[in-house]
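Structure, as structure tokens:
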Amino acid sequence: MNRDTTALFDLTGRTALVTGASSGIGAAIATALDGAGARVLRAGRDRARLGPDGISADLAHGAAGVIAQADARADAVDILVNCAGSNPRPPLGDIDDVLYREILAVNLDAPFQLGQHYGPRMAARGWGRIINVASTQAHRAFGNSGAYGVAKAGIAGLTRSQSEAWAPSGVTANSLTPGLVATPMTTAVLADPERAEYFRRRAHTATLGAPSDFAAAAVFLAGPGSAFVTGQNLCVDGGLSVT
């Protein structure tokens, strides 16, 4: 790879904030951004797995704590990755108002709040990247989508709105949609061998996803090479979404 091509993916001098970074897809994205040269602020509930720039916070209680800790550690956040998620998977009829608000707080409200804080600041500097992690359940219902599906459908719309608001000032906003990926959040699903095999058959690759599958996509969307890519949803799902 020549120097000009390498520069398209070089994040040296950039600071990234990644939520949900203590495990799964968030952890893989944080590691990838670090490998591309960014300073990475990792936010999550498992403080022991976050490293020296770790931010311990539960987004079910809002994003203010994450914002305060991130701003205390860095003068600016150039790359925002909203990956934290919560999907308890009760049937829709069993979801009361309290649980509904808890699910939306993590999956939709926090990305909105973080975007509202960092998006205008990125725009004022003339450069920024917002990457939201969506879900196949934003587009189709399966496995008790419930309020989680509602929240992730909202993420798709939020991404487009963030792009419309700030892309003219050099801030791109895009989303990544996973297929079925082996993470702590999908443990209950993958505990059923028949169901796991069903998703393997549905994917064109005949495999389940892994958190590492998101590394290259995240580095691309976070870097200078994606300046003309905004308001888009990139499915990293082995072809699941087109079957």
Would you please name the residue that is least open to solvent (accessible area, probe 1.4 Å), looking only at residues in the range 35-59 that are assigned to a loop (DSSP other than H, G, I, E, B) and not aliphatic (A, V, I, L, M)? Gly54
Hey, Arg3 hits all of (1) out of contact with any helix residue (DSSP H, G or I) (no Cβ under 9 Å at 6 or more places or on another chain); (2) closer than 16 Å to Val219 by Cα; (3) among the charged types (D, E, K, R) but one; which does it fall short on? (2)
The range 104-123 - residue that is polar (S, T, N, Q) and either farther than 16 Å from Ser135 by Cα or open to solvent by 40 Å² or more (accessible area, probe 1.4 Å) (or both) and, of those, farthest from the chain's Cα centre (by Cα): Gln116
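Give me a count of the residues in the range 3-21 that are open to solvent by 10 Å² or more (accessible area, probe 1.4 Å), small (Gly, Ala, Ser) and either part of a strand (DSSP E or B) or closer than 20 Å to Asp71 by Cβ (or both).
In the first step, residues of the range 3-21 are kept if they are open to solvent by 10 Å² or more (accessible area, probe 1.4 Å); the result is 3-10, 12-15, 20.
Now drop any that are not small (Gly, Ala, Ser), which leaves 7, 13, 20.
Those left that are additionally either part of a strand (DSSP E or B) or closer than 20 Å to Asp71 by Cβ (or both): 13, 20.
Qualifying residue count for the region: 2.
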Residue check, Ile29 against (1) in contact with a strand residue (DSSP E or B) (Cβ under 8 Å, 6 or more places away or on another chain); (2) part of a loop (DSSP other than H, G, I, E, B), all met but one. Which one? (2)
Please state which of the following conditions Ser86 fails to meet, knowing it meets all the rest: (1) of a type outside the set (A, V, I, L, M, F, W, C); (2) part of a helix (DSSP H, G or I); (3) touching a helix residue (DSSP H, G or I) at 6+ places or on another chain (Cβ under 7 Å); (4) open to solvent by 10 Å² or more (accessible area, probe 1.4 Å). (2)
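Could you pull out the residue among Leu99, Leu41 that is within 19 Å of the chain's Cα centre (by Cα), over 24 Å from Ala182 (Cβ atoms) and hydrophobic (A, V, I, L, M, F, W, C)?
Working: Leu99 fails: within 19 Å of the chain's Cα centre (by Cα).
From the options Leu99, Leu41, the qualifying one is Leu41.
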Within the range 22-34, can you find the residues that are buried (at least 19 other Cβ atoms within 10 Å of the Cβ) and of a type outside the set (Ser, Thr, Tyr)? Gly24, Ile25, Gly26, Ala27, Ala28, Ile29, Ala30, Ala32, Leu33
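The values are calculated or read from the model by the stated rules, or taken from the named source; none is laboratory data. From a predicted model like this one, the values you see are computed outputs, not experimental measurements. Don't worry about glycine lacking a Cβ; one is built from the backbone with ideal geometry, like all the others, and counts go over all protein chains shown. SASA here: full protein model, heavy atoms, side chains in, ligands and nucleic acids out. Shrake-Rupley method; radii C 1.70, N 1.55, O 1.52, S 1.80 Å.
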